[in-house]
Structure formats: C-alpha cells, structure tokens
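Undergrad: Sending over a structure as structure tokens; questions will come in a sec.
Read-outs: derived from the displayed coordinates by stated rules, not from any lab. These numbers were taken from a predicted model, which means no experiment stands behind them. Here Cβ is always computed from backbone atoms with ideal geometry, including for glycine, and neighbour counts include all displayed protein chains.
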C-alpha cells in the first residue's frame, strides 16, 4: 500500500475502536449487497415464471434466474451471520475496554 507503513497497519489493527469500525464497515457492505439482491428477487422469480411460458434461450435465462435466487439466499444468510458476529465482537471489545479501565 503506497504511503502506508506495515507497522502502522498492525498497530491500527490492535486498536479496538479501529477493529470495531472495520467490523461495522464490512457488515454495512454485506448488508447493502444483500439489499440490492433482495430488491431484485422479484425479478428473478418473474424470470422463472416466464421460462415456463416462453421458449426464449431457456438455458441462459434459467441460469441467470437460478444464480440470482441462490446468491440472494446466500447473501441474506451472510448478512444474518455478519450481524451476529458483529454483536459478539462488539461485546468482546466492550469487555476488553471494561477490563482495561480501573
């Protein structure tokens, strides 16, 4: 990374507040992606329904719809896991702060 010392990176990663910010940013990134896929799920379902009625490149449309539905479900699961992990890590960081203060 230009302009960023490796020692600085390791030092920053030891900082509980910095760790918390990274955790929050990762969770937000996954949540946004999940929301975008969730918003598109109705289109994926419409595509699957249309496949029953139409004979337009079946394999291509089926593959796209199937992939969208699968990814939407996986991402939703990941968002749930990220939220649970973030809560656990926030609790751990709070415990660390409490143990370090007299």
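Undergrad: Could you give the angle, 0 to 90 degrees to the nearest 10, between helix 58-100's Cα long axis and the longest principal axis of the Cα atoms of the chain?
TA: Approximately 20 degrees, to the nearest 10.
Undergrad: A further question follows. When only C-alpha pairs under 8 Å and at least 6 residues apart count, what is the relative contact order of segment 16-100, in percent?
TA: Once normalised by length, the contact order is 43 percent.
Undergrad: Let me ask another. Between residue 71 and residue 7, what is the FRET efficiency for a Förster distance of 35 Å, r being their Cβ-Cβ separation, to the nearest 0.05?
TA: 0.35
Undergrad: What residue among 63, 72, 33 has the largest mean-square fluctuation in a Gaussian network model of the chain, using Cα springs under 10 Å?
TA: Its mean-square fluctuation being the largest, the pick is 63.
Undergrad: Here are some values of P(r) over Cα pairs in 10 Å bins from 0, in percent: (1) 14, 27, 22, 17, 12, 6, 1, 0; (2) 14, 28, 33, 21, 3, 0; (3) 15, 51, 28, 5. Which one was computed from this structure?
TA: For P(r) over Cα pairs in 10 Å bins from 0, in percent, the calculated option is (1).
Undergrad: Could you please state, rounded to a whole Å, how far the C-alpha centre of segment 58-83 is from the C-alpha centre of segment 11-46?
TA: 16
Undergrad: Okay, moving on. Report the full-extension gain for the segment residue 60 to residue 85: residue separation times 0.36 nm, less the Cα-Cα distance, to one decimal in nm.
TA: Full extension of this stretch gives 5.3 nm more.
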